[in-house]
Amino acid sequence: QDSIGICVPGLARHYYNNHFWPERIESCQDENVLSWLESHLAMVPLEPRRPGCSVVEGKNVTKSKVEALAKAADDCWNAILDMDLSRFAKAYSDSFNAQVDMFPAMVAPYVDGKPCPDACVQPAIDKWSAEEDVLAWKMPGAGGGGYLALVVKDAETFCANHGDAIRLQIRRQ
(Lines give C-alpha, C1' and ligand atoms only; values in the text may rest on other atoms or scores of the structure.)
Protein backbone atom coordinates (compact mmCIF):
# COMPACT_ATOMS: atom_id res chain seq x y z
CA GLN A 1 0.00 0.00 0.00
CA ASP A 2 2.90 2.37 0.64
CA SER A 3 3.96 4.40 -2.38
CA ILE A 4 7.49 3.05 -1.98
CA GLY A 5 6.03 -0.24 -3.16
CA ILE A 6 5.71 1.02 -6.72
CA CYS A 7 9.37 2.01 -6.75
CA VAL A 8 10.81 -1.31 -5.58
CA PRO A 9 10.52 -4.21 -8.04
CA GLY A 10 8.72 -7.36 -7.00
CA LEU A 11 6.67 -7.65 -3.86
CA ALA A 12 8.04 -5.30 -1.21
CA ARG A 13 7.66 -5.30 2.55
CA HIS A 14 8.76 -2.25 4.53
CA TYR A 15 9.96 -2.14 8.11
CA TYR A 16 9.50 1.24 9.79
CA ASN A 17 10.97 2.30 13.12
CA ASN A 18 9.65 5.77 13.96
CA HIS A 19 11.11 7.34 10.81
CA PHE A 20 9.69 8.50 7.50
CA TRP A 21 11.88 6.11 5.48
CA PRO A 22 11.82 2.37 6.26
CA GLU A 23 14.84 0.99 8.06
CA ARG A 24 14.67 -2.14 5.91
CA ILE A 25 12.89 -3.25 2.75
CA GLU A 26 12.36 -6.96 2.11
CA SER A 27 11.32 -8.11 -1.34
CA CYS A 28 10.12 -11.23 -3.07
CA GLN A 29 11.15 -11.76 -6.69
CA ASP A 30 9.76 -15.32 -7.04
CA GLU A 31 7.98 -15.38 -10.40
CA ASN A 32 5.44 -17.96 -9.24
CA VAL A 33 4.45 -15.81 -6.28
CA LEU A 34 4.32 -12.59 -8.33
CA SER A 35 2.22 -14.18 -11.09
CA TRP A 36 -0.11 -15.72 -8.51
CA LEU A 37 -0.55 -12.35 -6.78
CA GLU A 38 -1.23 -10.57 -10.07
CA SER A 39 -3.93 -13.12 -10.83
CA HIS A 40 -5.84 -12.02 -7.71
CA LEU A 41 -5.53 -8.22 -7.67
CA ALA A 42 -7.61 -5.59 -9.43
CA MET A 43 -8.31 -1.92 -8.86
CA VAL A 44 -11.48 0.03 -9.49
CA PRO A 45 -11.68 3.82 -9.63
CA LEU A 46 -13.49 5.85 -7.01
CA GLU A 47 -14.29 9.53 -7.03
CA PRO A 48 -11.13 11.59 -6.53
CA ARG A 49 -10.38 12.90 -3.08
CA ARG A 50 -12.19 16.20 -2.62
CA PRO A 51 -10.31 19.46 -2.14
CA GLY A 52 -9.87 20.12 1.58
CA CYS A 53 -10.34 16.42 2.39
CA SER A 54 -8.71 15.15 5.58
CA VAL A 55 -8.41 11.48 6.41
CA VAL A 56 -6.72 12.09 9.76
CA GLU A 57 -9.60 13.92 11.47
CA GLY A 58 -10.92 11.73 14.28
CA LYS A 59 -7.87 9.47 14.27
CA ASN A 60 -7.52 7.06 17.17
CA VAL A 61 -4.09 5.46 17.04
CA THR A 62 -3.34 3.19 19.97
CA LYS A 63 -0.69 0.56 20.58
CA SER A 64 -3.21 -2.28 20.29
CA LYS A 65 -4.57 -0.92 17.00
CA VAL A 66 -1.06 -0.56 15.56
CA GLU A 67 -0.31 -4.12 16.68
CA ALA A 68 -3.47 -5.34 14.91
CA LEU A 69 -2.32 -3.65 11.71
CA ALA A 70 1.18 -5.12 12.04
CA LYS A 71 -0.26 -8.61 12.60
CA ALA A 72 -2.47 -8.24 9.54
CA ALA A 73 0.57 -7.16 7.49
CA ASP A 74 2.55 -10.20 8.67
CA ASP A 75 -0.37 -12.51 7.95
CA CYS A 76 -0.81 -10.95 4.50
CA TRP A 77 2.88 -11.35 3.61
CA ASN A 78 2.93 -14.99 4.72
CA ALA A 79 -0.32 -15.83 2.91
CA ILE A 80 1.03 -14.33 -0.31
CA LEU A 81 4.29 -16.27 -0.05
CA ASP A 82 2.25 -19.44 0.58
CA MET A 83 -0.07 -18.50 -2.33
CA ASP A 84 -3.07 -19.14 -0.05
CA LEU A 85 -5.97 -17.10 -1.41
CA SER A 86 -8.36 -17.46 1.54
CA ARG A 87 -5.68 -16.46 4.09
CA PHE A 88 -4.56 -13.61 1.81
CA ALA A 89 -8.11 -12.25 1.53
CA LYS A 90 -8.65 -12.48 5.29
CA ALA A 91 -5.37 -10.73 6.10
CA TYR A 92 -6.06 -8.06 3.46
CA SER A 93 -9.47 -7.44 5.00
CA ASP A 94 -8.01 -7.42 8.52
CA SER A 95 -5.46 -4.83 7.37
CA PHE A 96 -8.15 -2.58 5.93
CA ASN A 97 -10.28 -2.89 9.07
CA ALA A 98 -7.30 -2.10 11.31
CA GLN A 99 -6.51 1.02 9.27
CA VAL A 100 -10.10 2.24 9.32
CA ASP A 101 -10.27 1.56 13.06
CA MET A 102 -7.39 4.03 13.50
CA PHE A 103 -8.40 6.42 10.72
CA PRO A 104 -12.19 6.25 10.17
CA ALA A 105 -12.03 9.27 7.85
CA MET A 106 -10.29 7.06 5.26
CA VAL A 107 -13.81 5.89 4.43
CA ALA A 108 -15.86 8.83 5.71
CA PRO A 109 -13.58 11.84 5.17
CA TYR A 110 -13.83 15.29 6.62
CA VAL A 111 -13.82 18.19 4.17
CA ASP A 112 -12.75 21.57 5.48
CA GLY A 113 -12.94 20.27 9.06
CA LYS A 114 -16.50 18.92 8.85
CA PRO A 115 -17.84 15.42 8.15
CA CYS A 116 -18.80 15.22 4.48
CA PRO A 117 -21.30 12.42 3.77
CA ASP A 118 -21.05 13.16 0.04
CA ALA A 119 -17.34 12.25 0.14
CA CYS A 120 -17.96 8.90 1.89
CA VAL A 121 -16.57 5.93 -0.05
CA GLN A 122 -18.70 3.37 1.81
CA PRO A 123 -21.30 3.18 -1.01
CA ALA A 124 -18.52 2.18 -3.43
CA ILE A 125 -17.20 -0.38 -0.95
CA ASP A 126 -20.73 -1.76 -0.56
CA LYS A 127 -21.12 -2.00 -4.34
CA TRP A 128 -17.86 -3.81 -4.98
CA SER A 129 -17.93 -6.02 -1.89
CA ALA A 130 -21.28 -7.40 -3.06
CA GLU A 131 -19.65 -8.78 -6.22
CA GLU A 132 -19.38 -12.56 -6.02
CA ASP A 133 -15.75 -12.59 -7.20
CA VAL A 134 -14.55 -9.97 -4.69
CA LEU A 135 -12.97 -11.48 -1.59
CA ALA A 136 -11.48 -8.38 0.10
CA TRP A 137 -10.87 -4.68 -0.50
CA LYS A 138 -8.63 -1.90 0.66
CA MET A 139 -7.86 1.68 -0.21
CA PRO A 140 -4.33 2.20 -1.49
CA GLY A 141 -2.57 5.24 -0.09
CA ALA A 142 -4.25 7.24 2.64
CA GLY A 143 -7.83 6.73 1.47
CA GLY A 144 -10.58 9.27 1.00
CA GLY A 145 -10.99 8.46 -2.69
CA GLY A 146 -9.00 7.48 -5.73
CA TYR A 147 -9.10 3.70 -6.04
CA LEU A 148 -10.27 0.59 -4.31
CA ALA A 149 -7.79 -2.30 -4.49
CA LEU A 150 -9.58 -5.63 -4.60
CA VAL A 151 -8.62 -9.23 -3.95
CA VAL A 152 -10.58 -11.24 -6.49
CA LYS A 153 -10.92 -14.90 -7.40
CA ASP A 154 -9.58 -14.35 -10.92
CA ALA A 155 -8.33 -10.91 -11.98
CA GLU A 156 -8.42 -11.62 -15.71
CA THR A 157 -12.08 -12.67 -15.62
CA PHE A 158 -13.04 -9.93 -13.17
CA CYS A 159 -11.49 -7.19 -15.33
CA ALA A 160 -13.04 -8.63 -18.49
CA ASN A 161 -16.46 -8.46 -16.82
CA HIS A 162 -15.98 -4.97 -15.35
CA GLY A 163 -14.76 -2.43 -17.89
CA ASP A 164 -13.64 0.04 -15.23
CA ALA A 165 -11.50 -2.52 -13.39
CA ILE A 166 -7.73 -2.47 -13.84
CA ARG A 167 -5.61 -5.60 -13.56
CA LEU A 168 -2.43 -4.89 -11.62
CA GLN A 169 1.02 -5.74 -12.87
CA ILE A 170 3.98 -6.08 -10.55
CA ARG A 171 7.17 -4.53 -11.84
CA ARG A 172 9.97 -7.07 -12.25
CA GLN A 173 13.68 -6.26 -11.93
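If R₀ is 25 angstrom, what is the calculated FRET efficiency for the pair residue 127 and residue 57, using the beta carbon separation as r and rounding to 0.05?
The computed FRET efficiency comes out at 0.50.
Within the set of other residues whose C-beta is less than 14 Å from the C-beta of residue 67, count the net charge using Lys and Arg as +1 and Asp and Glu as -1.
Local charge sum for residue 67: -1.
Would you mind checking the range 65-87 for residues with the amide N under 11 Å from a putative spin-label position 7 Å along Cα→C-beta of residue 97?
none
Going from most exposed to least, what order do 110, 16 have by accessible area with a 1.4 Å probe?
Largest accessible area first, the list is 16, 110.
7 Å from Cα along Cα→Cβ at both residue 164 and residue 64: what's the point-to-point distance in nm?
Using points 7 Å along Cα→Cβ, the separation is 3.8 nm.
Considering only 119, 130, 142, give the residue with the highest GNM mean-square fluctuation for the chain, with springs between Cα atoms whenever their separation is below 10 Å.
Ranking 119, 130, 142 by mean-square fluctuation puts 130 first.
Roughly how many Å² is the accessible area per residue of the range 1-120, as a whole number, for a 1.4 Å probe?
Solvent-accessible surface per residue comes out at 58 Å².
How much length would be gained if the chain were fully extended between residue 156 and residue 81, taking 0.36 nm per residue of separation minus their Cα-Cα distance, in nm to one decimal?
24.9 nm
Report the extension gain between residue 172 and residue 17 in nm, rounded to one decimal, defined as 0.36 nm multiplied by the number of residues separating them, less their alpha carbon distance.
Net length gain for the segment: 53.1 nm.
What FRET efficiency do you get for residue 71 and residue 31 if R0 is 25 Å and r is their Cβ-Cβ distance, rounded to the nearest 0.05?
0.35
How large, in percent, is the carbon and sulfur part of the accessible surface of the chain at a probe radius of 1.4 Å?
So the carbon and sulfur contribution to the accessible surface is 53 percent.
The values are calculated or read from the model by the stated rules, or taken from the named source; none is laboratory data. What you see is a predicted model, and the numbers here were worked out from it, not measured in a lab. Heads up, the Cβs are rebuilt from the backbone with ideal geometry, glycines too, and the neighbour counts pull from every protein chain shown. To get the accessible areas, we keep the full protein, side chains included, count just its heavy atoms, and leave off ligands, DNA and RNA. Shrake-Rupley method; radii C 1.70, N 1.55, O 1.52, S 1.80 Å.
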